[in-house]
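The values are calculated or read from the model by the stated rules, or taken from the named source; none is laboratory data. None of the values given here were measured: they were computed from a predicted structure. All Cβ positions, even for glycine, are placed from backbone atoms using ideal geometry, and neighbour counts span all protein chains on display. Side chains included, ligands, DNA and RNA excluded: accessible areas come from the protein's heavy atoms. Shrake-Rupley method; radii C 1.70, N 1.55, O 1.52, S 1.80 Å.
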Amino acid sequence: MSGYGIIGLGHLGGRLATRLAGSTDAPPLVAVLVRPSRVAEAAALVGADKVCTTLDSFVARRPSVAVES
């Protein structure tokens, strides 16, 4: 598996990103799709390099699994 992506970064998505980031056997987070108004918050949580604001940019990261939260 190349990695996973999260669509939306609300309460559930934030917990998922935080929990899996600390796991040594979890796949890497490759992308998070958020509204433009939530970019700064998402970047602080997962890193600016993983934040996407369009579906095209999210899909371009090629996550093996996408979780909608």
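Scanning region 9-22 for residues that are of a type in the set (G, A, S) and open to solvent by less than 80 Å² (accessible area, probe 1.4 Å), which turns out nearest to V46 (Cα to Cα)?
So the residue we want is A17.
Filter region 35-59 for residues that are farther than 15 Å from L16 by Cα, outside any strand (DSSP E or B) and in contact with a helix residue (DSSP H, G or I) (Cβ under 7 Å, 6 or more places away or on another chain) and give the result.
T53
From the list D25, D56, which residue is open to solvent by 80 Å² or more (accessible area, probe 1.4 Å), at pLDDT below 95 and among the acidic types (D, E)?
When all the criteria are applied, what remains is D25.
Restricted to region 23-34, and to residues that are in contact with a helix residue (DSSP H, G or I) (Cβ under 9 Å, 6 or more places away or on another chain) and assigned to a loop (DSSP other than H, G, I, E, B), which residue is nearest to G8 (Cα to Cα)?
The residue in question is V34.
Only one of these is open to solvent by 80 Å² or more (accessible area, probe 1.4 Å), touching a residue at least 60 places away in the same chain (Cβ under 8 Å) and not aliphatic (A, V, I, L, M): E68, E41. Name it.
Residue meeting the stated conditions: E68.
Cβ contacts < 7 Å: first residue β-branched (V, I, T), restricted to region 3-24; second residue exposed (fewer than 11 other Cβ atoms within 10 Å of the Cβ), any location; separation 6+ or different chain. Result?
I7/E68
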